[in-house]
């Protein structure tokens, strides 16, 4: 009986690891990496802090927002595009075409209340 419980525990941990399919910066492809531009603080690839489940790719003043899809049993994993936007100056702040407030402070991008770190490979 004790062996059965141990086998079930190990099996549950294994299945849980497969289903979680955690996103990592290794799952960012080369074509998703945009080099920073000193003349444009928004430009670059930005990954959410704490977990790598959200990403913004900003080239010039055009951006794309992605969510990491872990897939079923780890199959179909990858970044899925959720929104496309442009960044515009509105009075004293910048907003996106889909009305998100956006700002940059060094290597930290803030979109509404979420923060992202600049990803540089």
When (1) touching a helix residue (DSSP H, G or I) at 6+ places or on another chain (Cβ under 7 Å); (2) modelled with pLDDT under 95 are applied to residue 24, the one that fails is (1)
Residues of the stretch 46-57 being touching a residue at least 40 places away in the same chain (Cβ under 8 Å) and more than 11 Å from residue 108 (Cα to Cα), in sequence order, are 54, 55, 56
Residue pairs qualifying under the 6 Å Cβ cut-off, at least six apart or on distinct chains, with the first in the stretch 64-80 being within 17 Å of residue 46 (Cα to Cα) and the second being modelled with pLDDT under 75 and surrounded by 14 or more Cβ atoms within 10 Å (Cβ to Cβ), are 68/23
Matching residues in the stretch 90-113 (assigned to a strand (DSSP E or B) and at pLDDT 95 or above) number 13
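Which of the residues spanning the stretch 33-53 are out of contact with any strand residue (DSSP E or B) (no Cβ under 6 Å at 6 or more places or on another chain) and surrounded by fewer than 14 Cβ atoms within 10 Å (Cβ to Cβ)? Working first, answer last.
Kept after step one, since they are out of contact with any strand residue (DSSP E or B) (no Cβ under 6 Å at 6 or more places or on another chain), are these residues of the stretch 33-53: 35, 37-40, 50-52.
Within the stretch 33-53, 35, 37, 38, 39, 50, 51 meet the criteria.
The values are calculated or read from the model by the stated rules, or taken from the named source; none is laboratory data. The shown structure was predicted, so the numbers you read here are calculated from the model rather than taken from an experiment. No Cβ is skipped: glycine too gets one built from the backbone with ideal geometry, and neighbour counts run over all protein chains shown.
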